[in-house]
Amino acid sequence: MHLLIAAAGSGRRMGADKNKLLLNIAGRTVLEWTLKAAFASKAISWIGIVGQPKDKNSIKSILSNSFKSVEWINGGSTRQQSVQLGLSALPDDAQSVLIHDGARCLVNPLIFDEIAEIVSNGQAVIAASQVTDTIKKVDQNGEIIDSPPRAGLWSAQTPQAFPVDKLKHAHSVAIAREWNVTDDASLFERLGIPVKIYDAGPSNIKVTTPFDLVIAESLLSTMKD
């Protein structure tokens, strides 16, 4: 199974002066923790990291300590463009692909394995967790206009997995129609292609803010070798 790791983010919301994946937590960088989980997956046989050229040397130095080969892929100015470039760099024999945010460093290797099994049968699937808070929809003035029932609401995560040919087609359509989305499942939704939910639970958080970093540090400190 082929895995693309999106690693082209910044440290803006983190308040950091560098890519948040290069921040250290519990003795490793965020990216190293993510790679550790990917390496432990039984299903993943090929990994590509899609990042910004300015981070290439820093990330390459991390990869030099890896016991598995990882391909470097130059990313674009948006996540959507980066995934497009990642898809173009996949080996010709890739039939399915997992796409994972490098900042989701708490991912359990079992999630990779079980999602890989689902997509290998031709079904698009994304990791997600069921919403437990009451959600409010607000207008431009910050006033509540609706409270959608939370029973059918899920918070999208990664990894997300798709048949390669269908995902490439979806991105081609997105370019032609000038669609801008924040995750690949949204492209399938717009095209009417079914996407299955895999319940990954609430711990598969994305490290985005200083608070997330504290939570991740606390959890990962118990996982050190």
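Total residues in segment 13-26 satisfying the condition of being touching a helix residue (DSSP H, G or I) at 6+ places or on another chain (Cβ under 9 Å), surrounded by fewer than 20 Cβ atoms within 10 Å (Cβ to Cβ) and either more than 18 Å from SER61 (Cβ to Cβ) or modelled with pLDDT under 90 (or both): the figure is 5. Among the candidates SER129, SER186, the residue that is at pLDDT 95 or above, assigned to a strand (DSSP E or B), closer than 30 Å to GLU32 by Cβ and hydroxyl-bearing (Ser, Thr, Tyr) is uniquely SER129.
Which count do you get for residues in segment 176-213 that are surrounded by fewer than 12 Cβ atoms within 10 Å (Cβ to Cβ) and either touching a Pro at 6+ places or on another chain (Cβ under 8 Å) or of a type in the set (Val, Ile, Thr) (or both)? Looking only at that region, the number is 1. For segment 165-174, the count of residues that are surrounded by 18 or more Cβ atoms within 10 Å (Cβ to Cβ) and free of Cβ contacts under 8 Å to residues at least 40 places away in the same chain is at least one.
Yes/no matrix, rows are residues, columns are (1) surrounded by fewer than 23 Cβ atoms within 10 Å (Cβ to Cβ); (2) assigned to a loop (DSSP other than H, G, I, E, B); (3) among the aliphatic types (A, V, I, L, M):
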| site | (1), (2), (3) |
| --- | --- |
| PHE39 | yes, no, no |
| ASN65 | yes, yes, no |
| SER82 | no, no, no |
| PRO91 | yes, yes, no |
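Residue-by-condition table, conditions (1) of a type in the set (A, V, I, L, M); (2) surrounded by 14 or more Cβ atoms within 10 Å (Cβ to Cβ); (3) in contact with a strand residue (DSSP E or B) (Cβ under 9 Å, 6 or more places away or on another chain); (4) at pLDDT 95 or above:
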{"position": "VAL70", "(1), (2), (3), (4)": "yes, yes, yes, no"}
{"position": "GLY75", "(1), (2), (3), (4)": "no, yes, yes, no"}
{"position": "THR78", "(1), (2), (3), (4)": "no, no, no, no"}
{"position": "ILE99", "(1), (2), (3), (4)": "yes, yes, yes, yes"}
{"position": "ASN108", "(1), (2), (3), (4)": "no, yes, no, yes"}
{"position": "ILE118", "(1), (2), (3), (4)": "yes, yes, yes, yes"}
{"position": "GLN123", "(1), (2), (3), (4)": "no, yes, yes, yes"}
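Number of residues in segment 144-171 that are in a helix (DSSP H, G or I) and in contact with a helix residue (DSSP H, G or I) (Cβ under 9 Å, 6 or more places away or on another chain): the value is 7. Does VAL173 satisfy the condition of being aliphatic (A, V, I, L, M) and in contact with an Asp or Glu (Cβ under 9 Å, 6 or more places away or on another chain)? Considered against the rule, which asks whether it is aliphatic (A, V, I, L, M) and in contact with an Asp or Glu (Cβ under 9 Å, 6 or more places away or on another chain), VAL173 comes out as no.
Contact map, segment 179-196: residues that are at positive phi paired with residues that are surrounded by 18 or more Cβ atoms within 10 Å (Cβ to Cβ) and modelled with pLDDT of 95 or more, Cβ distance under 8 Å, separation 6+ or inter-chain. No pairs are found. Is it fair to say ILE62 is more than 26 Å from VAL164 (Cα to Cα), aliphatic (A, V, I, L, M) and touching a helix residue (DSSP H, G or I) at 6+ places or on another chain (Cβ under 8 Å)? It is true that ILE62 is more than 26 Å from VAL164 (Cα to Cα), aliphatic (A, V, I, L, M) and touching a helix residue (DSSP H, G or I) at 6+ places or on another chain (Cβ under 8 Å).
The values are calculated or read from the model by the stated rules, or taken from the named source; none is laboratory data. Because the structure is a prediction, the values reported are computed rather than measured. We place every Cβ from the backbone using ideal geometry, glycine too, and count neighbours over all the protein chains shown.
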